[in-house]
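Below you'll find the structure, written out as structure tokens, and then a few comments.
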Amino acid sequence: MGGWAIAVHGGAGVDPNLPKERQDEAKQLLTRCLNLGITALRASLPAIDVVELVVRELETDPLFNSGRGSALTEKGTVEMEASIMDGPGRRCGAVSGITTVKNPISLARLVMEKSPHSYLAFSGAEEFAKQHGVEMVDNDYFITEDNLGMLKLAKEADSILFDYRIPTIGESCSSVVDNPPLQMNGLPISVYAPETVGCVVVDRQGQCAAATSTGGLMNKKMGRIGDSPLIGAGTYACDLCGVSCTGEGEAIIRGTLARDVAALMEYKGLGLQKAVDYVIEKRLDGGGKAGLIAVSSKGEVAYGFNSVGMFRGCATEDGFMEVGIWE
């Protein structure tokens, strides 16, 4: 056993002109979440408890795209999704289409532990939450003024905006339209910079867990489901590692990124960082942009991304700690 390790992310794909104040806010939140996880690990909480605890904190803060502050659908509402996975036994739970549950990641864990299923969505997931006394709020709780402004820009540009804060409010949307478009599933999109959140942990017993939560894409179609709640795509944990992904959901789904990290370790004997590097370099077809964080049962931590940047932080029991955005 190599001791505990933890990593968090707030999304891959960052505006290179992101104001310093916003960068500082992101780093402060990531540091706070890392310290929350570190305290829990030092208190010998199991990995599954720590990933839920940290992602709940990220969902509660409106800075990133999960929980409060989630991106808005084409109808101006919020549909959130999340998944959690416990390496021992590969138990998992996932939810989609969540509109009134304050912390979707905790509902995903309830699906894992209190239902015979692995995945519940939309009205069925909401009803399950009510049956188990989960804290509920009005959909308006998740909607911020920034999001309303960015939805307006997205509609004016007739586009899906990956990062609902780019361009900044008040900036002309012409910059969105004039740039050469990227593509998603062969269709043009204008901005790439998602801000999904996630956490991966290995505890002192060498047990791994992973959790991912998101509001999805700004101006997305009602009912769209991305990679975050899909086990093996956006989230995966087993006896070897825990992985949480962020980025272009459709590319992550096609590449089954999270599971492939574990598969490379299991079948080819690659180390954690080499497996992460291979997945980022070889498994993102069609120009897909993404990033991921990972821990191993040996107490290692790793990350990788092929986008401009990724909001991330990581720490290990031997005293290593890092919070960063760029390469």
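The values are calculated or read from the model by the stated rules, or taken from the named source; none is laboratory data. Remember, it's a predicted structure, so these values are computed and weren't measured experimentally. Glycine also receives a Cβ, built like all others from the backbone with ideal geometry; neighbour counts cover every protein chain displayed. Just so you know, the surface numbers come from the protein's heavy atoms only, side chains and all, with ligands and any DNA or RNA stripped out. Shrake-Rupley method; radii C 1.70, N 1.55, O 1.52, S 1.80 Å.
Side notes on the structure shown:
- Rounded, prolate or oblate (a/c below 1.5 giving rounded, otherwise prolate when a/b exceeds b/c) for the range 25-66 by Cα gyration tensor: oblate
- 1.4 Å probe accessible area per residue over the chain, in Å²: 39
- FRET efficiency, PHE320 to GLU113 (Cβ-Cβ, R0 22 Å, nearest 0.05): 0.10
- LYS155-MET222 FRET efficiency (beta carbon distance; Förster radius 22 Å; 0.05 resolution): 0.95
- Within straight-line reach of LYS27, meaning a Cα separation under 12 Å, sit the following aspartates and glutamates at least 8 residues removed in sequence or on another chain: GLU322.
- Gaussian network model of the chain, springs between alpha carbon atoms under 10 Å - residue of ASP140, ASP24, ASP227 with greatest fluctuation: ASP24
- Model label sites at THR31 and VAL137, defined 7 Å from Cα along the beta-carbon direction, differ in position by 2.5 nm.
- Unit Cα scatterers, Debye sum, the chain: log10 I(q)/I(0) for q = 0.07, 0.12 Å⁻¹: -0.23, -0.72
- The range 32-98: trypsin sites (Lys or Arg not before Pro) falling in loop per DSSP and having at most 14 other Cβ within 10 Å: LYS75
- Estimated inter-spin distance, GLU21 and SER44, nm [label 7 Å along Cα→Cβ]: 4.6
- Net length available on complete extension from GLU266 to ASP239 is 8.7 nm, with 0.36 nm assigned per residue and the Cα-Cα distance removed.
- Distance violations [Cα-Cα > 23 Å] among LYS102/LYS298; LYS102/LYS220; LYS20/LYS221; LYS130/LYS152; LYS75/LYS102; LYS75/LYS152: LYS102/LYS298; LYS20/LYS221; LYS130/LYS152
- The sum of -39500 (n - 2.57) across all DSSP H runs of n ≥ 4, divided by the residue count of the chain, sets its helix-only mean residue ellipticity at 222 nm to -10000 deg cm²/dmol.
- Residue of LYS20, LYS130, LYS114 that the Gaussian network model of the chain assigns the largest fluctuation, springs spanning Cα pairs under 10 Å: LYS20
- Counting only protein heavy atoms and a probe of 1.4 Å, the accessible surface of the range 233-327 is 49% carbon and sulfur.
- For the pair the range 224-255 and the range 50-81, the centres of their Cα atoms are 17 angstrom apart.
- When you restrict to C-alpha pairs under 8 Å that are six or more residues apart and normalise by the size of the chain, the relative contact order lands at 26 percent.
- Nearest-ten-degree value, helix 20-42 long axis tilted from longest Cα axis of the chain: 30
- The stretch between LYS274 and ARG91 holds 63.3 nm of extra length on full extension. This uses 0.36 nm per residue minus the Cα-Cα distance.
- Along principal axes, Cα extents of the range 203-268, largest first, whole Å: 42, 25, 15
- The angle between the Cα long axis of helix 104-114 and the main principal axis of the chain comes to about 40°, on a 0 to 90 degree scale.
- Between ASP146 and ASP285, the modelled labels are 3.6 nm apart [label points 7 Å from Cα along Cα→Cβ].
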